[in-house]
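These notes concern the structure reproduced below.
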Amino acid sequence: MEIVAGFSKAGVLVIGDVMVDHFLWGKVSRISPEAPVPVVDVHADSFMLGGSANVLNSIHTLGGRGYITGVIGADTVGVIVAEQMTRR
């Protein structure tokens with residue numbers, strides 16, 4: 001139990017691939033005749049940090065102090081990562 005009790009005092013450095021999970025929300029109306037995949041009428045989409053950023057989120061959720069290092073691009077996904085990180 002000492003290890004668990006001291007978790008909030010430890011700093012954890014997370015090194016890995018920072019990813020963004022993109023979710024599409026909608027209704028499946030049929031299966032495509034060209035390939036066995038659903039055809040979705042998309043009503044909304046959302047983004048969530050994935051990869052090593054998800055590990056960082058789990059550390060924070062458990063009360064730990066997490067730090068992350070990585071590189072993000074100067075593109076739409078890079079902007080999403082930066083916005084999601086500042087919300088934490």
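Assorted remarks:
- [x] 13.6; [y] 12.8; [z] 15.5, with the label sought being that of the calculated Kirkwood radius over Cα pairs in Å: [z]
- In a DSSP loop and with at most 10 other Cβ atoms within 10 Å, the GluC sites (Glu not before Pro) in the chain are E34.
- Averaged over its residues, the chain has an accessible area of 75 Å² per residue, based on protein heavy atoms and a 1.4 Å probe.
- Counting only alpha carbon atoms, the long axis of helix 76-86 and the longest principal axis of the chain meet at about 40°.
- Of all accessible heavy-atom area on the chain, the percent that carbon and sulfur account for (1.4 Å): 61
The values are calculated or read from the model by the stated rules, or taken from the named source; none is laboratory data. None of the values given here were measured: they were computed from a predicted structure. In this analysis, Cβ positions are derived from the backbone assuming ideal geometry, glycine residues included, and neighbour counts consider all displayed protein chains. Protein only, heavy atoms only, side chains kept; ligands, DNA and RNA dropped before computing areas. Shrake-Rupley method; radii C 1.70, N 1.55, O 1.52, S 1.80 Å.
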